[in-house]
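Shown next, in structure tokens, is the structure this report addresses.
The values are calculated or read from the model by the stated rules, or taken from the named source; none is laboratory data. Keep in mind that what you see is a predicted model, and the values were worked out from it rather than measured. Don't worry about glycine lacking a Cβ; one is built from the backbone with ideal geometry, like all the others, and counts go over all protein chains shown.
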Amino acid sequence: YCITSDEIRNIFLDYFKKNNHMQISGSSIIPKNDPTLLFINSGMAPLKTYFTGEEIPPEKNLCNIQPCIRTIDIDEIGDRHHLTSFEMLGSWSFDNYFKEDAIKLAFRLLTEGYKIPKEKLYATVFAGSEKLGLSMDQESADIWKEAGMDPAHIVPQPFEDNFWGPTAETGPCGPCTEVFYDTGEEFGEAYVPGGHFDTKKRYIEIWNAGVFMQFNKNTKGEYENLKFKSVDTGAGLERLTMTLNKLNSVYEIDSLKPIVDLIQEEMKGTEVAERDVHVMTDHFRTSTILLAAGVQPSNTGRGYIPRRLIRKCCTIIHKYQVENFNYEKIVDKVIKHYAKYYDHFEANRANILKMLQQEISSYNEILKEGIQRIEKICEKSGDIVSGNDAFVLVTTYGLPYALVEEYVNKCGKKVDKEGYKKAENHHKEISRNESAHDKDDSQISNQELKDLESSLEEIVETDFSGYEKLS
Ligand code: ATP
Ligand code: MG
Ligand code: MG
Ligand code: MG
């Protein structure tokens, strides 16, 4: 490694402290007094009240490192640069400096602090929206040029990409400008001004170098000026480590590669797909972080996430028929890494391992019973296993649908897919009506849970297609 993630953290904090920012500590991933959020998903999330003026920050300029959880990215896991957990390097200005200082600070840190050649850097700016009566952020584009950014590397992007909006209906918002790193031509077409900017593969977003909070979206949907302006920035530590070391993906960086290696060792003798190793790396790591924060696996609310992530790992291990997979070694590695920065990892070690073991052994029991049950149902059924039977297997045994289908096919039969979909939709209707009355879930916004559940359902289903290729 030409630069370690430790060095990257330190350079960031030292730089902002030298430039008059006060370092504050990160918050727990479990939001305090924020019912709209499942987990802390950015550095600004715990600081929301500073933007609205409801609370006064300890200083006008702040910086920190914030652990983040993004369940919304779960479908992306296995690509080069999305993880369900990562650390965000953040800096803020409340009612103090605005676009000019923010952009110049960012450009200098990237080119001088991290020594990134400027040919590698691109910046996106808000292109404006006629429909919403918002103009193009020409000011940011001009400041980037003045700071030294190649004018051909300044990319105007639409509202969806470069306007940071409130997650709720109203609240502070504004245009943003983001920095991308060019990982080279082997990853896709070069950007030409006016053409397509490929942010999926070739150009990796490393820093939201400025959300310029200047509007308040009011109840009429209008953008009125805020009483004071603020800047919010956030850079992904794992992505910076990946790009600064010219690595192909985040799974090769110093904090993740050792976990990948351990998993590969445990999977030795199988033809495990790289993607599965990466998914397990991500999911074991995030589960450990969630368990360390005291999130107990369960069927509802926050606990649903570690349960799904751990079960996903178990089904992968089961798919390759690996016995005696050493989970503890993996989790231990994650604990050791984070223990350097956060006290609660070591302090909760025994509890983390206990919860993990319980979750794994209960799921393995479920898997075993479920598979026996599939075989029994197959014996009783004709050529077709009814949709209802399949649905009961999925819901009462928590088996992924694809696994049920696979085992049914192994018995030489087929599942009535249409019938299965019908049963599933019927169930969704019922639980939607129930959850409208369910007070316990009021902690988490329904939309977020809904999004979450549908994305998790999908991952369990689609990922299992790999099953067929193996047998
Ligand atoms: P992307 O478009 O790649 O999904 P984003 O625009 O959603 O990223 P932001 O909300 O702007 O990300 O967060 C700030 C920074 O946090 C990003 O520039 C990136 O470096 C990092 N980041 C965001 N999501 C992830 C993730 N899932 N895994 C790792 N780092 C991330
Ligand atoms: Mg994203
Ligand atoms: Mg983005
Ligand atoms: Mg972004």
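Could you go through segment 204-215 and let me know if any residue there is crowded, with 19+ Cβ neighbours inside 10 Å, more than 13 Å from ligand 1 (Cβ to nearest atom) and in a loop (DSSP other than H, G, I, E, B). Scanning segment 204-215, I find no residue that is crowded, with 19+ Cβ neighbours inside 10 Å, more than 13 Å from ligand 1 (Cβ to nearest atom) and in a loop (DSSP other than H, G, I, E, B), so the answer is no. Is it true that some residue in segment 1-24 is within 16 Å of ligand 4 (Cβ to nearest atom), of a type outside the set (S, T, N, Q) and modelled with pLDDT under 95? Looking through segment 1-24, none of the residues is within 16 Å of ligand 4 (Cβ to nearest atom), of a type outside the set (S, T, N, Q) and modelled with pLDDT under 95.
Does segment 91-113 contain any residue that is part of a loop (DSSP other than H, G, I, E, B), touching a residue at least 40 places away in the same chain (Cβ under 8 Å) and within 16 Å of ligand 4 (Cβ to nearest atom)? No, every residue in segment 91-113 fails to be part of a loop (DSSP other than H, G, I, E, B), touching a residue at least 40 places away in the same chain (Cβ under 8 Å) and within 16 Å of ligand 4 (Cβ to nearest atom). Taking ASP73 as the residue in question, decide whether it is assigned to a helix (DSSP H, G or I), in the same structural domain as ASP14 (by TED's automatic domain parsing), within 27 Å of the chain's Cα centre (by Cα) and without any contact (Cβ under 8 Å) to a residue 40 or more places away in the chain. Yes, satisfied.
So if I check each of LYS246, LYS229, which one is modelled with pLDDT of 95 or more, in a strand (DSSP E or B), of a type outside the set (A, V, I, L, M, F, W, C) and more than 16 Å from ligand 2 (Cβ to nearest atom)? Don't jump to the end; show me each part of the working.
Numbers: LYS246 fails: in a strand (DSSP E or B).
Being modelled with pLDDT of 95 or more, in a strand (DSSP E or B), of a type outside the set (A, V, I, L, M, F, W, C) and more than 16 Å from ligand 2 (Cβ to nearest atom) holds for just one of LYS246, LYS229, which is LYS229.
Where in segment 271-350 are the helices (runs of 4 or more DSSP H), entirely inside, with at least 1 residues that are more than 20 Å from the chain's Cα centre (by Cα) and outside the structural domain of LEU37 (by TED's automatic domain parsing)? Lay out the reasoning, then the answer.
On the way: elements: 274-292, 304-319, 327-339, 344-347.
So the answer is 304-319, 327-339, 344-347.
On inspection, ILE65 fails the criterion of being in contact (Cβ under 8 Å) with a residue 12 or more places away in the chain, under 12 Å from the mean Cα position of the chain (by Cα) and either within 12 Å of ligand 1 (Cβ to nearest atom) or in a strand (DSSP E or B) (or both). Scanning segment 376-406 for residues that are modelled with pLDDT under 90 and either under 29 Å from TYR327 (Cα atoms) or in contact with a Leu (Cβ under 8 Å, 6 or more places away or on another chain) (or both) returns LEU393, VAL394, THR395, THR396, TYR397, GLY398, LEU399, PRO400, TYR401, ALA402, LEU403, GLU406.
In segment 150-170, the residues that are at pLDDT 90 or above form Cβ pairs under 7 Å with partners that are within 12 Å of ligand 3 (Cβ to nearest atom) and assigned to a loop (DSSP other than H, G, I, E, B), at six or more places apart or across chains, as follows: VAL155/PHE197.
Go through segment 80-90 and report how many residues are away from ligand 4 (no atom under 13 Å from the Cβ) and part of a loop (DSSP other than H, G, I, E, B). Counting residues in segment 80-90 that are away from ligand 4 (no atom under 13 Å from the Cβ) and part of a loop (DSSP other than H, G, I, E, B) gives 3.
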